[in-house]
Ligand code: UN1
């Protein structure tokens, strides 16, 4: 235990055997099986966790409904004060939680810390927001009337999160939902459930210390069947789901069937256009972190480089040379750049994608492959690879959650933008150029069709202050900053008559 994981788990309240269903500090035993959480770092069993069942889910819903009645009546700035305390509690455990995330999910310790920092940042954002849940006022067309709109809490918010950001994405949703006056039910990925247990302990303690009801923060654990209890449940007006397009299509349809609201943040197939006017140092570094950071398992990971033909060979060589310097290994060891994939199933998909793209005519520039031998016993460590490909290849059109980078050549910027937009997903994008006309064209209505479009920065690593999400198969939802909070509230338009008459709108006469 060179990295002190045992003590980290102990401090975070994660045991060998954990209950998975909780409403605040109350952990509920169910009739469900236990899921094992194995670390992709060293294949060790970190701990087991019990799946939620129907009756424990019902307890959670009942507690959440009770808590909502109390929580929604608290002034928003007071709710913000609780979130401020959660932010401080997260500051206290930043190293421990960062390490657990790194160990359970496999991202580098630096990125684990970054993920917890993202949680702290969203807490700070939400605290400020708690005094800024602004509605508009309108001028009524009728004399002696006043019109305005206000935003009320929506109720129970179901949060479905993915393994790759096992804690940050939950916090973007929950911290904002809480200042909005909602209560949350979180179903974390069954591939990283222990990080969720740790978070639930942290926030439940804060709610308890403030004498607040248990049901403001709830946890349920399991696969899609557990998620389905929420997505089909009318008592949960909003489902916010982050994950694959496949999952999002199911969740979106289930929620739509009951006319509920869903906020979907699904896959990306993020590209960077590198023009002949790019600062190539920045372009190569941006592409590198985008493609290999988190071992290519971010929804914002760079998967495609669209490179102007005059700089194509140079970029290719510089990237290949950078790739040759990457050190792959235990992500807790800070000298390593790239950790493992989440599990062996992901390794299988990575290998299949490489084979398929080769069969389609792709040419390998930097070789992939699975690592074995000492330190790689988990079988989850793979080599980041680069493949020369064409935009229409089936594999290039798909998101493979692994460090595979496709590179392509273009002549004109119009052609590059068409290639860039010619995929089903629309999350993040970037252009590398020092030319103002190129940059602005990329950001214009005729440019990138993504929810995020950057200039001289890679596709990943968005700040929490902006709205996060994308178009097309990415699902259209926006989480995190800007005015994303509006998705977590219901809008009410109010008209007040303070005159002694009752004029009708549109000038309609109705006298008796
Ligand atoms: C995700 O991969 O689901 O922009 C979230 C980024 C991070 C969040 C990624 N801030 O890469």
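The values are calculated or read from the model by the stated rules, or taken from the named source; none is laboratory data. Source: prediction; values computed, not measured. Cβ: placed from backbone, ideal geometry, glycine included. Neighbour counts: every protein chain shown.
Looking at 332, 319, 351 in this structure, which one is more than 21 Å from residue 105 (Cα to Cα) and away from the ligand (no atom under 16 Å from the Cβ)? Show your work before the answer.
Numbers: 332 fails: more than 21 Å from residue 105 (Cα to Cα); 351 fails: more than 21 Å from residue 105 (Cα to Cα).
When all the criteria are applied, what remains is 319.
For segment 446-455, how many residues are outside any loop (DSSP other than H, G, I, E, B) and either loosely packed, with under 15 Cβ neighbours inside 10 Å or more than 11 Å from the ligand (Cβ to nearest atom) (or both)? Full working, then the answer.
The first filter runs over segment 446-455 and keeps only residues outside any loop (DSSP other than H, G, I, E, B), leaving 452-455.
Okay, now just the ones that are also either loosely packed, with under 15 Cβ neighbours inside 10 Å or more than 11 Å from the ligand (Cβ to nearest atom) (or both), so 453, 455.
Number of matching residues: 2.
Yes/no matrix, rows are residues, columns are (1) over 30 Å from residue 375 (Cβ atoms); (2) away from the ligand (no atom under 16 Å from the Cβ); (3) in contact with a strand residue (DSSP E or B) (Cβ under 8 Å, 6 or more places away or on another chain):
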| residue | (1), (2), (3) |
| --- | --- |
| 238 | yes, yes, yes |
| 269 | yes, no, yes |
| 292 | no, no, yes |
| 296 | no, no, yes |
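Any residue at all in segment 472-483 that's at positive phi, more than 14 Å from the ligand (Cβ to nearest atom) and assigned to a strand (DSSP E or B)?
Scanning segment 472-483 turns up at least one residue that is at positive phi, more than 14 Å from the ligand (Cβ to nearest atom) and assigned to a strand (DSSP E or B).
Given the options 413, 405, name the one that is touching a strand residue (DSSP E or B) at 6+ places or on another chain (Cβ under 8 Å) and surrounded by fewer than 24 Cβ atoms within 10 Å (Cβ to Cβ).
Numbers: 405 fails: surrounded by fewer than 24 Cβ atoms within 10 Å (Cβ to Cβ).
Residue meeting the stated conditions: 413.
Can you go through 243, 222, 271, 248 and tell me which one is surrounded by 22 or more Cβ atoms within 10 Å (Cβ to Cβ) and touching a helix residue (DSSP H, G or I) at 6+ places or on another chain (Cβ under 6 Å)? Quick ask: steps written out before the conclusion?
Working: 243 fails: touching a helix residue (DSSP H, G or I) at 6+ places or on another chain (Cβ under 6 Å); 222 fails: touching a helix residue (DSSP H, G or I) at 6+ places or on another chain (Cβ under 6 Å); 248 fails: touching a helix residue (DSSP H, G or I) at 6+ places or on another chain (Cβ under 6 Å).
Within the list 243, 222, 271, 248, the selection yields 271.
Give just the number: which of (1) within 20 Å of the chain's Cα centre (by Cα); (2) part of a helix (DSSP H, G or I) does residue 128 not satisfy?
For residue 128, the failing item is (1).
State all residues of segment 1-33 that are exposed (fewer than 15 other Cβ atoms within 10 Å of the Cβ), in contact with a strand residue (DSSP E or B) (Cβ under 9 Å, 6 or more places away or on another chain) and not in a loop (DSSP other than H, G, I, E, B); if no residue qualifies, say none.
17
Here's a check for you: in segment 425-436, which residue that is outside any loop (DSSP other than H, G, I, E, B) and away from the ligand (no atom under 16 Å from the Cβ) is surrounded by the fewest Cβ atoms within 10 Å (Cβ to Cβ)?
For segment 425-436, the residue satisfying everything is 436.
Looking at (1) part of a loop (DSSP other than H, G, I, E, B); (2) in contact with a strand residue (DSSP E or B) (Cβ under 9 Å, 6 or more places away or on another chain); (3) without any contact (Cβ under 8 Å) to a residue 24 or more places away in the chain, find the lone condition where residue 439 falls short.
For residue 439, the failing item is (1).
Would it be correct to say that residue 83 is part of a helix (DSSP H, G or I) and touching a strand residue (DSSP E or B) at 6+ places or on another chain (Cβ under 8 Å)?
Numbers: part of a helix (DSSP H, G or I): yes; touching a strand residue (DSSP E or B) at 6+ places or on another chain (Cβ under 8 Å): no.
It is false that residue 83 is part of a helix (DSSP H, G or I) and touching a strand residue (DSSP E or B) at 6+ places or on another chain (Cβ under 8 Å).
Table: residues versus (1) on the phi > 0 side of the Ramachandran plot; (2) more than 15 Å from the ligand (Cβ to nearest atom); (3) crowded, with 24+ Cβ neighbours inside 10 Å; (4) modelled with pLDDT under 95.
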position	(1), (2), (3), (4)
140	no, yes, no, no
143	no, yes, no, no
151	no, yes, no, no
156	no, yes, yes, no
161	no, no, yes, no
166	no, no, yes, no
172	no, no, yes, no
175	no, no, yes, no
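What is the number of the single condition among (1) surrounded by fewer than 22 Cβ atoms within 10 Å (Cβ to Cβ); (2) within 16 Å of the ligand (Cβ to nearest atom); (3) farther than 25 Å from residue 49 by Cβ that residue 257 does not meet?
(2)
Of the residues that sit in segment 101-110 and are crowded, with 24+ Cβ neighbours inside 10 Å and assigned to a helix (DSSP H, G or I), which one is farthest from the chain's Cα centre (by Cα)? Show your work before the answer.
First, pick out the residues of segment 101-110 that are crowded, with 24+ Cβ neighbours inside 10 Å: 101-107.
If we keep only those that are assigned to a helix (DSSP H, G or I) as well, we get 101-105.
Details: 101: 14, 102: 16, 103: 19, 104: 17, 105: 14 Å.
Result: 103.
Can we say residue 225 is without any contact (Cβ under 8 Å) to a residue 12 or more places away in the chain and either part of a helix (DSSP H, G or I) or under 15 Å from the mean Cα position of the chain (by Cα) (or both)?
Values: without any contact (Cβ under 8 Å) to a residue 12 or more places away in the chain: yes; either part of a helix (DSSP H, G or I) or under 15 Å from the mean Cα position of the chain (by Cα) (or both): yes.
Here the answer is yes, as residue 225 does meet what is asked.
Modelled with pLDDT of 95 or more and either within 16 Å of the ligand (Cβ to nearest atom) or within 21 Å of the chain's Cα centre (by Cα) (or both): is that true of residue 204 in this structure?
Values: modelled with pLDDT of 95 or more: yes; either within 16 Å of the ligand (Cβ to nearest atom) or within 21 Å of the chain's Cα centre (by Cα) (or both): no.
Criteria not met by residue 204.
Can you find a residue that is in a helix (DSSP H, G or I), touching a residue at least 40 places away in the same chain (Cβ under 8 Å), within 23 Å of the chain's Cα centre (by Cα) and under 22 Å from residue 158 (Cα atoms) anywhere in segment 69-80?
yes
Report whether or not residue 458 is touching a residue at least 24 places away in the same chain (Cβ under 8 Å), within 14 Å of the chain's Cα centre (by Cα) and within 16 Å of the ligand (Cβ to nearest atom).
no
Please find, among 504, 443, 405, 413, the residue that is more than 15 Å from the ligand (Cβ to nearest atom) and within 18 Å of residue 298 (Cβ to Cβ).
Working: 504 fails: within 18 Å of residue 298 (Cβ to Cβ); 443 fails: within 18 Å of residue 298 (Cβ to Cβ); 413 fails: within 18 Å of residue 298 (Cβ to Cβ).
Going through 504, 443, 405, 413 in turn, just one is more than 15 Å from the ligand (Cβ to nearest atom) and within 18 Å of residue 298 (Cβ to Cβ): 405.
Of all residues in segment 206-219, count the ones that are in contact with a helix residue (DSSP H, G or I) (Cβ under 7 Å, 6 or more places away or on another chain) and part of a helix (DSSP H, G or I).
Of the residues in that region, 5 qualify.
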